[in-house]
Amino acid sequence: MENKATTLENLFENVEQYGKTSFELYKHKAIYEIASLTSTLSVRFILTMVVALVSLFFSIGIALWLGDVLDKNYYGFFIVGLGYLLLWVIILVFRKTWIRTPISNMVIKSMLQTNNRLP
């Protein structure tokens, strides 16, 4: 009878150890995912800011150049503004095929790869 008691105690100890180990594994997996997401978002934010600044300076330069060509500086800014308005309308029309679908596919693919990478 005592042999059964020690076997059950060992079983409960093993189950307890398995639970603790599984919890630690999921905790580390969550930390890894949060760190990965934070670093990815930080890099994308910095790159977006750099692209925005470069675009701003190019836009101002092109607007001033067009203004010199047309002899009125504000004409250049109107033309560049209309160009951005046209770009906005094109993106608005094609946003589902150009933005939503590729980003959704990228997120799904990333999640599937993450689930396959770690247990």
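What follows draws every value from the coordinates through simple rules; no lab data is involved. Keep in mind it's a predicted model, so treat the numbers as computed, not measured. Glycine gets a Cβ as well: all are built from the backbone with ideal geometry, and neighbour counts include every protein chain shown.
Considering Cα pairs under 8 angstrom that are at least six residues apart, work out the relative contact order of the chain and quote it in whole percent. Provide the component values of the computation, followed by the final result.
Values: 29 pairs, mean separation 14.1, N = 119.
Across the chain, relative contact order equals 12 percent.
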Principal-axis tilt of helix 73-93 within the chain, Cα atoms, nearest 10 degrees: 40
Rounded tilt (10° steps) of 101-117 against the dominant C-alpha axis of the chain: 30
Projected label distance in nm at T21 and L64, using a 7 Å step from Cα toward the beta-carbon: 6.7
With Cα atoms, 0 to 90° folded angle of helix 2-69 axis to the chain main axis: 10
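Determine, from the Cβ-Cβ distance of I108 and S55 and an R0 of 35 Å, the FRET efficiency 1/(1 + (r/R0)^6), rounded to the nearest 0.05. Before the final figure, lay out each step's value.
Working: r = 30 Å, r/R0 = 0.85.
Taking R0 as 35 Å, the efficiency between I108 and S55 is 0.70.
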